Amino acid sequence: MSTGHVVPTRVYLTVFAALMILLVITVIVAFQPLGAFNMPVAMGIAVVKGIIIVMYFMEVKYGSKLLWVFVSSSFLFLVIFLVLTMNDYATRTWMTLPH
């Protein structure tokens, strides 16, 4: 019987602290007048938090190379779908406001 990888409690507490710090940074950035950079900064912080969650809570960090391939390919397809969706949204003519 395989027990898998045992992660020390200290690692989970460190991950929790990092996520809480990133949460505070997200709230602080939300109230800063960054103009067009509000969304990219918020999304960047969200991506970092997502990577931390996937790596530690989903235990991808300790997984096999095949697991890394599947996780990486899922993110690749997510990016492709988002790019295609934004391309469709940006090229809609009915979205323009009348002058």
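The values are calculated or read from the model by the stated rules, or taken from the named source; none is laboratory data. Since the structure is predicted, the reported quantities are computational estimates derived from the model, not experimental observations. To get the accessible areas, we keep the full protein, side chains included, count just its heavy atoms, and leave off ligands, DNA and RNA. Shrake-Rupley method; radii C 1.70, N 1.55, O 1.52, S 1.80 Å.
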Per residue, how large is the accessible surface of the chain? Use a 1.4 angstrom probe and give square angstrom. 83
Using the Kirkwood radius over Cα pairs of segment 48-96, the Stokes-Einstein translational diffusion coefficient at 10 °C and 1.306 mPa s, in µm²/s and rounded to a whole number, is 124
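So what are the chain's ellipsoid semi-axes, whole angstrom, largest first, if each one is the square root of 5 times an eigenvalue of the alpha-carbon gyration tensor? Write out the running numbers ahead of the final one.
Numbers: eigenvalues 247, 100, 9 Å².
Taking √(5λ) for each eigenvalue gives 35, 22, 7 Å, largest first.
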